[in-house]
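The values are calculated or read from the model by the stated rules, or taken from the named source; none is laboratory data. Because the structure is predicted, anything quoted here is derived from the model rather than measured. Positions of Cβ are generated from backbone atoms using ideal geometry, with glycine treated the same way; all protein chains shown enter the neighbour counts.
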Amino acid sequence: MKKPFVFEVSWEVCNKVGGIHTVLESKAEYIKAQYGEGYFLVGPYLGQSSEIVFEAKEMPDFLKSIVKELENLGIRLFYGTWLIDAEPQVILVDFTGETANINQTKTKLWDWYQVDSLNSDFEFDEPVAWSFAVGKMIEALKKGPLAKEEIVLQCHEWMAGAPILYLKKQDVKISSIFTTHATFMGRVLASKGVDFYKSLNEIDAESKAYEFGIYAKFLLEKAIALNATVLTTVSDITASEAKAFYGRKPEVILENGLNINHFSDTEKATFRHTEFKNIIREFLMYFFFPHYKFNLDKALIYFLVGRYEMHAKGIDTFIDALGELNRRLKNQHSDKTVVAFVAVPSGSYTLKSELIQSKSVYLNIKQSIDSEIDDIYKRLVRACTGEFDITGQNILKQEIRNKVATKTKLFKRTGDPLLITHNIGDESSDQILGRFKEQGLFNREEDRVKVVYFPVYLNGADGLLNLNLYDFMSGSHLGVFPSFYEPWGYTPLEAGALSVPSITTDLSGFGLAVNALGGKKKFPGTYVVERSKFDYKKEVKDLASLMHKFLTFDKDERMISRIHANQTARNFDWKILVRKYFDAHEMALKIKGSKVKK
């Protein structure tokens, strides 16, 4: 069969915003391999920020033939490749001209599909203007150089979905796929702390949309979902939302994957774990040890990373469970310590001045030791052969002991350690800090659970850890992601690919997919906490119990967990999952031209 032209449209092409960027980037090589020169990613042209990850190339002839027509409409095309490993073809669409027509566009959306967007703001107007420009590009191609070709148009999320509505109304014969990675209504309900899953089919979504002031985006998403040739989503749980909110059950589930061959095997990952764990331990030394000490060999590093969504991402649940765990460990007089990082960007400004000073003194002490390391090593060997006893006085010369002692005095601080690494403005109103205090997590010496709020992106340049996200995850022992609203959940999958054990929930798409694999193990590596019974107190206790159980594992048991986490992740390799994309494309081609749904 002659292969179709496939145009995959997303606001996140050459524009990193969230998880869709990972989906597009990680599967590109497999879609490209299937469709070759007929596969194009389509995104917005956003000036310099686009050009950083985009390399311009000479346009193919069929694109050149429509350039003038589109320029007359105020639409410019930029053709090239996305600077990622697969180097897929990209068309970036400058939508300046369409922006000027936004009021006419919104009128059309009302007349055609009753999308009420009269009072919408820039967050709605900008992607709609861009996506209408994309629709006009596809129209020009189908009516011109690609008139005899089959076209599959796949649009991700409501920001990219308006071409489906435009092309339907213009009766342009293409096959369309709408992929919603989350329902807009579900995301908003979760952000407002509404436990909507237990009454999903009783919700009047349109009334809620007006109540919350999100009706423009909701009505647009609903219209796209009802009028696409094929509706897809990323998980069964999001499919249930689409059915309840939009009245259409998705025809295909497109689970998210990773290129597992881009990740180290468990053996190499173990070396990475040791390397980056030592960097994190250095941070712990200058964060906590000016105030008091604990045994780093008996300390495990837990972490939560993600967007600042207290309820949706389960940050509230994580902190409440940490409080429960802390109380248990104190009652048991445990000698173990959990250091829990909450790495959630929240508009931070500068590093805490006392932390800067502590790090500076620590590095100075380390430098003093490093400068004498050869002599220290020789004296240690001499002591081990019996020349003299192994004591600090015999191993360290008086001169170096005096030098270090002076610096050690500067290192000491009174009071409890910080809870947060950076200044964030009004700390009294911050929900994470407030939740720490509600749970009695003050980083006191007697606390067996220590907390570190890291309110910046882990991009390798934060001034403290200076580790990127994957390196930080690799150096940790356990990722904890007790999300209430998580249509898929890339982070626990990424953790598994890095051979890092993690906890997710049965309200996440990934958690449900893991449960569906079956094959219960004693040390599964990827643990799924039940949240679908909506008993919050039990959820907190269950999560605390699971974190406590992991703390009791010895090194061999943790290693088994790492191996099993990696094995689970391998079930979500794009080599396996990409077939579903091809199934959706084939389905859309077969049923192209179906009647517009009202």
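Within region 216-261, the set of residues being crowded, with 21+ Cβ neighbours inside 10 Å, among the hydroxyl-bearing types (Ser, Thr, Tyr) and either assigned by TED's automatic domain parsing to the domain that holds Leu507 or part of a helix (DSSP H, G or I) (or both) comprises Thr238, Tyr246. Within the option set Ala33, Ala86, being among the hydrophobic types (A, V, I, L, M, F, W, C), within 30 Å of Leu469 (Cβ to Cβ) and loosely packed, with under 14 Cβ neighbours inside 10 Å holds for one residue only, Ala33.
Can you tell which of Lys313, Lys403, Lys378, Lys330 is surrounded by 19 or more Cβ atoms within 10 Å (Cβ to Cβ), of a type in the set (Lys, Arg) and either in contact (Cβ under 8 Å) with a residue 12 or more places away in the chain or on the phi < 0 side of the Ramachandran plot (or both)? It would help to see each step written out before you state the result.
Numbers: Lys403 fails: surrounded by 19 or more Cβ atoms within 10 Å (Cβ to Cβ); Lys378 fails: surrounded by 19 or more Cβ atoms within 10 Å (Cβ to Cβ); Lys330 fails: surrounded by 19 or more Cβ atoms within 10 Å (Cβ to Cβ).
Step by step, each of Lys313, Lys403, Lys378, Lys330 is checked, and only Lys313 is surrounded by 19 or more Cβ atoms within 10 Å (Cβ to Cβ), of a type in the set (Lys, Arg) and either in contact (Cβ under 8 Å) with a residue 12 or more places away in the chain or on the phi < 0 side of the Ramachandran plot (or both).
For region 97-121, filtered to residues that are among the acidic types (Asp, Glu) and not in a helix (DSSP H, G or I), the residue that is surrounded by the most Cβ atoms within 10 Å (Cβ to Cβ) is Asp116. State yes or no: is Gly386 over 32 Å from the mean Cα position of the chain (by Cα) and without any contact (Cβ under 8 Å) to a residue 12 or more places away in the chain? Taking the combined requirement at face value, the residue satisfies it.
Output the helices (runs of 4 or more DSSP H) that fall wholly within region 1-93 and possess 2 or more residues being touching a residue at least 24 places away in the same chain (Cβ under 8 Å) and under 20 Å from Trp488 (Cβ atoms), or say none. Don't jump to the end; show me each part of the working.
Values: elements: 19-35, 48-51, 61-71.
Qualifying helices (runs of 4 or more DSSP H): 19-35.
For beta carbons closer than 8 Å, sequence separation of 6+ or different chains, a first residue in region 191-217 that is under 21 Å from Asp535 (Cβ atoms) and a second that is aromatic (Phe, Trp, Tyr), the qualifying pairs are Lys192/Phe212; Asp195/Phe484; Asp195/Phe534; Tyr197/Phe534; Lys198/Phe534; Ile203/Phe196; Ile203/Phe245.
Might you check whether a residue that is in contact with a strand residue (DSSP E or B) (Cβ under 6 Å, 6 or more places away or on another chain) and either in a helix (DSSP H, G or I) or free of Cβ contacts under 8 Å to residues at least 60 places away in the same chain (or both) occurs anywhere in region 262-279? So that I can check it myself, show each step before the final result.
Of all residues in region 262-279, those in contact with a strand residue (DSSP E or B) (Cβ under 6 Å, 6 or more places away or on another chain) come to none.
Checking region 262-279: not a single residue is in contact with a strand residue (DSSP E or B) (Cβ under 6 Å, 6 or more places away or on another chain) and either in a helix (DSSP H, G or I) or free of Cβ contacts under 8 Å to residues at least 60 places away in the same chain (or both).
Yes or no, residue by residue, for (1) more than 28 Å from Glu275 (Cα to Cα); (2) modelled with pLDDT under 95; (3) touching a Lys or Arg at 6+ places or on another chain (Cβ under 6 Å):
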position	(1), (2), (3)
Asp471	no, no, no
Pro492	no, no, no
Gly496	no, no, no
Lys541	yes, no, no
Leu551	no, no, yes
Asn571	no, no, no
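Restricting attention to region 175-193, and to residues there that are of a type in the set (Gly, Ala, Ser) and in a strand (DSSP E or B), which single residue is farthest from the chain's Cα centre (by Cα)?
Top of the filtered list is Ser175.
Would a scan of region 421-433 turn up a residue that is crowded, with 19+ Cβ neighbours inside 10 Å and either over 25 Å from the mean Cα position of the chain (by Cα) or among the polar types (S, T, N, Q) (or both)? Yes. In summary, helices (runs of 4 or more DSSP H) completely within region 455-567 and bearing 3 or more residues that are of a type outside the set (Asp, Glu) and under 16 Å from the mean Cα position of the chain (by Cα) occur at 469-475, 490-497, 509-517.
The rows are residues; the columns are (1) outside the structural domain of Trp11 (by TED's automatic domain parsing); (2) of a type in the set (A, V, I, L, M); (3) surrounded by fewer than 20 Cβ atoms within 10 Å (Cβ to Cβ); (4) in contact with a Cys (Cβ under 9 Å, 6 or more places away or on another chain).
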{"position": "Trp130", "(1), (2), (3), (4)": "no, no, no, no"}
{"position": "Lys136", "(1), (2), (3), (4)": "no, no, no, no"}
{"position": "Gly144", "(1), (2), (3), (4)": "no, no, yes, no"}
{"position": "Glu157", "(1), (2), (3), (4)": "no, no, no, no"}
{"position": "Ala162", "(1), (2), (3), (4)": "no, yes, no, yes"}
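Taking every residue in region 582-598 that is more than 18 Å from Lys169 (Cα to Cα) and crowded, with 16+ Cβ neighbours inside 10 Å and pairing it with any residue that is of a type in the set (S, T, N, Q) and modelled with pLDDT of 90 or more, at least 6 positions away or on another chain, the pairs with Cβ-Cβ distances below 6 Å are Ala584/Thr232; Leu589/Ser175.
Go through Asp389, Asp370 for me and flag whichever is not assigned by TED's automatic domain parsing to the domain that holds Lys450 and not in a loop (DSSP other than H, G, I, E, B).
Working: Asp389 fails: not in a loop (DSSP other than H, G, I, E, B).
Exactly one residue qualifies, and that residue is Asp370.
Of all residues being at pLDDT 85 or above, part of a helix (DSSP H, G or I) and hydrophobic (A, V, I, L, M, F, W, C) in region 396-436, which is nearest to Ala343 (Cα to Cα)? Just the residue, please. Among those residues, the one meeting the criterion is Ile432.
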